[in-house]
Amino acid sequence: MRLDLHVHTTASDGSSSPAEVVRLAANGGLDVLAITDHDTVAGIPAALEAAANTSLQLIPGIEVSSTHEGAEYHILGYFVDPQSDAIQAHGRHAVGGRESRMDQMVDRLRRQGLLIEMSDVLDAAGPDRSAIARPHLARALVVKGYASSVVDAFDRLIGDGHPAYVPTGLATPEEAIGLILEAGGTPVWAHPPMHVLTRLLSTFIGAGLKGLEVYRPRATAGHIRKLERAAKAAGILMTGGSDWHDGERGHALGSFFVTEEDVGELLEAGGMSGRSSERQE
């Protein structure tokens, strides 16, 4: 069983529609896919409809943005109820918050001498967008010639800690975890930074965190081992996924996957099971 538990669509900052993501996942050899758009479940209904015509199993998910001590942390939620009042309210609030954040980031770039407008970001996002996010700004910077690629834009200009970065400020990690639990989901810390893992993990677990995202394409073998040890020591589950947006980060959907052996506890929590295979990249 091949799984990718961290994928984005045009409902947030991905470049492919929910139906297209399902098609790419099925064609890429995946058996299980989690749609985890930023702060919204708007893409879940279309993804479920598309998946009904394939053998692909779909996990309804979300990636909730949060801020702590000036840094941004993302909490993945698996098996959430897309109709949850709390999730729906969060999504509505997030749209306005992200637009305000993007205005601030564009303003910071302009103060650095980059001639970019909010209209450029909207053009890069496209007509099917449900929210505006940093990858849309990154694509606009590429179009305007200020970055050679989306990765370059993040690395030099808009990534965490860089000149134009503005935190989302939507919720605390504890609130994000509580939101997912209220929606019946399983909260997992996405791409946890190694330098704060030990200090913050117990706090997040105290708030109800159930797991760590351990396996991902850009994690080193050393980081994976440390995350595995941390999860096992804390008695929490492990997950993994590509954090796929559009293929611009060097991998096609389905080229990275985890297996039931890697993430069996999460599947058990969600009532899924299947055969195992080896994790590959």
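How far is helix 260-270 tilted, in degrees, relative to the longest principal axis of the Cα atoms in the chain, given as a value from 0 to 90 rounded to the nearest 10? Relative to the chain, helix 260-270 is tipped by roughly 90 degrees. The fewest-to-most ranking of ARG229, ARG216 by surrounding Cβ atoms within 10 Å reads ARG229, ARG216. Panel order for LEU30, LEU170, by other beta carbons found within 10 Å of each beta carbon, from fewest to most: LEU170, LEU30. Entry note, the stretch 92-158: relative contact order of 27 percent, from Cα contacts under 8 Å with a spacing of 6+ residues.
The residues LYS232, LYS210, when put in order of fewest to most other Cβ atoms within 10 Å, stand as LYS232, LYS210. Only helices enter the 222 nm calculation for the chain: every DSSP H run of n ≥ 4 contributes -39,500 (n - 2.57), and dividing by all residues gives -12500 deg cm²/dmol, rounded to 500. Between the stretch 225-239 and the stretch 185-201, what's the alpha-carbon centroid distance in Å? Cα centroid of the stretch 225-239 versus Cα centroid of the stretch 185-201: 10 Å apart.
FYI, it's all coordinate maths here, none of it is from the lab. None of the values given here were measured: they were computed from a predicted structure. Cβ atoms come from the backbone with ideal geometry, glycine included; neighbour counts cover every protein chain shown.
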